[in-house]
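Below is one structure, written out as structure tokens; the observations come after it.
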Amino acid sequence: MKPFQATSGDLTADRRADFAEMLYASGEPAAAAELLLGALELAPQWAAGWFRLGEMHEAAAPDKAAQAWTMALTLEPTDRLGAALKLQLIGKAPSARAPPSAFVEMLFDHYAESFEESLVDKLGYRLPDFLDQAVRRARPGRFRLVLDLGCGTGLMGQRLRPVADRLEGYDISAAMLKKARAKGVYDLLAKADLQDFSYAGRKADLVVAADVFIYVGALERVIGRIAGLLAGDGLFAFSVETLVGEGGFALQPSRRYAHSHAYVGQVLAANGFSVLSMDPTVIRLDRSQPVEGLAVVAALPANT
């Protein structure tokens with residue numbers, strides 16, 4: 001199944017699903033959906049199959065898509081496939097303030113092996129360089145302790161290492177952490193969910209979250225916790241995708257969240273941060289189109 005390859009456990013059902021994919025790729029979504037539904041009659045507990053059926057129905061039959069995604073969610077309540085996000089996007093579920101953690105974990109576990117090749121070489125991802133430059137402009141020199149939240153494969157860590165006495169990385173994906181560990185740039189790597197992040201170490205001088213909040217949604221809770229991680233006069237550097245239109249943040253068709261300039265500023269101010277820079281940048285390409293974003297550096301007051 002796309003994007004996650006999964007078997008139904010039934011050879012005949014799998015064969016029908018493969019034929020359905022061929023039909024879908026050739027521009028026949030209705031015929032593909034009918035064939036995949038036949039496969040699901042043989043393997044009715046196949047959550048990934050129901051999710052894919054929803055995608056095949058998505059353009060022409062949103063009500064049928066909703067039924068399929070609801071079935072996927074019923075069969076797999078942790079929602080590793082992100083069915084709840086699909087339902088939100090077509091108006092069949094209430095808006096949520098965050099994505100399912102299991103979805104984010106599976107997404108990055110799945111893409112870890114090809115992550116850097118896809119993101120850097122094909123999608124023009126240069127955010128770590130941009131954010132590194134913004135931090136150096138805001139405060140030249142070294143940092144005693146740097147926390148890289150959502151560190152992924154270590155792309156940001158490679159930029160931070162030269163200015164960090166101690167560098168720690170945290171990520172929800174074990175597969176991404178394995179890639180980061182191979183780079184040898186971190187003093188500590190640990191698995192953690194930023195939606196429920198706890199930290200008992202000493203206060204950090206710099207916390208970085210590069211291209212992370214696109215999978216967070218509402219920022220109040222996580223930025224409040226980050227404020228508690230920082231020493232007085234500490235820096236917080238991060239990025240968001242820019243929300244076009246009204247509202248503070250919104251789920252996009254990509255199943256990533258975008259945030260408005262005003263909302264980011266309000267949440268930072270509410271947690272005692274002053275904004276040092278909030279620069280527009282291109283985060284990456286998506287379907288050959290630039291994804292506009294903001295690279296932000298903020299600071300706590302020296303007496304915090």
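Over all Cα pairs of the range 65-150, how is the pair count split among 10 Å bins, expressed in % and running from 0 up to the last occupied bin? Computed distribution, short to long bins: 14, 29, 26, 21, 8, 1.
A quarter of the convex hull surface defined by the alpha-carbon atoms of the range 11-80 gives 4.2 nm² as the mean projection.
Taking a ≥ b ≥ c as the square roots of the eigenvalues of the Cα gyration tensor, the range 176-304 is classed as oblate, since a/c reaches at least 1.5 and a/b does not exceed b/c.
Projecting label points 7 angstrom from Cα along Cα→Cβ for SER118 and MET278 puts them 3.1 nm apart.
Ligands, DNA and RNA are left out, and with a 1.4 angstrom probe the accessible area of the chain is 46 Å² per residue. Placing a pseudo-label 7 Å from each Cα along the Cα-to-Cβ vector at THR78 and SER95 gives an inter-label distance of 2.9 nm. Would you calculate a helix-derived [θ] at 222 nm for the chain, using -39,500 (n - 2.57) for each DSSP H run of n ≥ 4 and dividing by the full residue count, to the nearest 500? Result for the chain, helices only: -12000 deg cm²/dmol. Whole Å is fine, so just give me how far the alpha carbon centre of the range 174-247 lies from that of the range 83-138. Centre-to-centre (Cα) distance: 13 Å.
By per-residue mean of other Cβ atoms within 10 Å, what is the highest-first order of 86-99, 45-58?
Ranking, from highest mean packing down: 45-58, 86-99.
With contacts taken as Cα pairs under 8 Å at a separation of at least 6 residues, the range 123-184 carries a relative contact order of 34 percent.
May I ask you to derive the FRET efficiency for SER198 and ALA25 from their Cβ-Cβ distance with R0 = 35 Å, giving the value to the nearest 0.05? Write down the numbers at each step before the final one.
Values: r = 45 Å, r/R0 = 1.28.
The formula returns an efficiency of 0.20 here.
Per-atom-type breakdown for the range 117-166 gives carbon and sulfur 48% of the accessible area (1.4 Å probe, protein chains only). Which lysines have a Cα less than 26 Å from the Cα of LYS64, not counting those fewer than 8 places away in the same chain? Those lysines meeting the cut-off are LYS2, LYS86, LYS92.
For the range 66-178, relative contact order (Cα pairs under 8 Å, six or more residues apart, normalised by length) works out to 22 percent. Rounded if a/c is under 1.5, else prolate if a/b beats b/c, else oblate: with a ≥ b ≥ c from the C-alpha gyration tensor eigenvalues square-rooted, which is the range 115-249? Rounded is the answer for the range 115-249, as its axis ratio a/c remains below 1.5.
Taking Lys and Arg as +1 and Asp and Glu as -1, the other residues whose beta-carbon sits under 13 Å from that of ASP10 total -1.
The values are calculated or read from the model by the stated rules, or taken from the named source; none is laboratory data. Just so you know, these numbers come straight off a predicted model, no measurement behind them. Note that we place each Cβ from the backbone using ideal geometry, even for glycine, and neighbour counts take in every protein chain shown. These accessible areas exclude ligands, DNA and RNA; they are computed on the full protein's heavy atoms, side chains included. Shrake-Rupley method; radii C 1.70, N 1.55, O 1.52, S 1.80 Å.
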